[in-house]
Amino acid sequence: MTKRVAILISGGGSNMVALAKSMTGDHPARPCVVVSNVPHVKGLERAEVLGIPAVCVDHRPFGADRAAFERALHETVEGYAPDIICLAGFMRILTGAFVGKWAGRMLNIHPSLLPNYKGLNTHARAIEAGDAEAGCTVHEVTPELDDGPILGQARVPIIPGDTPETLAARILPLEHQLYPEVLHRFASGDRTPMLLS
Ligand code: GRF
């Protein structure tokens, strides 16, 4: 049966577009909703253009009450009955209360070669450390930040003179290839880690 995929974003949504566009033909999944925690972002417009329901659950009115925000997010997402949630540039940390409800059904893309550089400013940290390589990782989401079983990675060399911006520009197109490929495999029941070649 076709799987339903909810995609959570906070901004431009370029990974969301890559995921949504990949789910055609004999792909085992289809997008069912795009949810942003930030109002009026480009990604919501892009989802509408693609004909996908696009909704916002603004985190700000909830202030410090993370649990209440997550309950609202969960209710909204659940209303679209997804089988899989893809975090795609979703910039809120989700607690175990939310993550636990979607255990084994939620993926994230992170712009580093995990387990290296969890958290923010990944490209700057890789350059600063003098690493030879950087990249991106798709992984299952567990309550620990940017942790969870790795499903796929893509690698690029770091070249002399790279800045966080040049590195990000080299890695983003790979994110757009890796995430759809991993989602396709995941939706087909294949959780073995892959390396994008
Ligand atoms: C991507 O680099 C993603 O890995 C990171 O945030 C960025 C989101 O970009 N978590 P977009 O919203 O998909 O264009």
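Please treat every number below as a calculation from the coordinates, not as lab data. The model shown is predicted, which means the values in this text are computed figures rather than measured ones. Positions of Cβ are backbone-derived with ideal geometry, glycine not excepted, and every protein chain shown enters the neighbour counts.
Taking VAL57, VAL138, VAL33 as the candidate residues, the one with maximal mean-square fluctuation in a Gaussian network model of the chain, Cα springs under 10 Å, is VAL57. Here the gap between ASP65 and ARG191, fully extended at 0.36 nm per residue and compared with their Cα-Cα distance, gives a gain of 41.9 nm. Computed extension length for THR166-ALA129: 11.7 nm, one decimal, from 0.36 nm per residue of separation with the Cα-Cα distance subtracted. Within the listed set GLY51, GLY11, GLY135, the Gaussian network model of the chain (springs between alpha-carbon atoms below 10 Å) gives the highest mean-square fluctuation for GLY51.
Taking the chain as the region of interest, what is the percent of Cα-Cα pairs per 10 angstrom bin, listed from the shortest bin to the one with the maximum distance? In order of increasing distance, the bins hold 9, 37, 37, 15, 2 percent. Here, segment 23-136 yields an orientationally averaged convex hull projection of 9.1 nm² when only Cα atoms define the hull. Entry note: segment 102-178 has Rg to Rh equal to 0.98, where both radii use alpha-carbon atoms and Rh is the Kirkwood radius.
A DSSP coil position with no more than 11 other Cβ atoms inside 10 Å describes the following GluC sites (Glu not before Pro) in segment 129-181: GLU144. Of all DSSP-defined beta bridges confined to the chain, some 35% are antiparallel rather than parallel.
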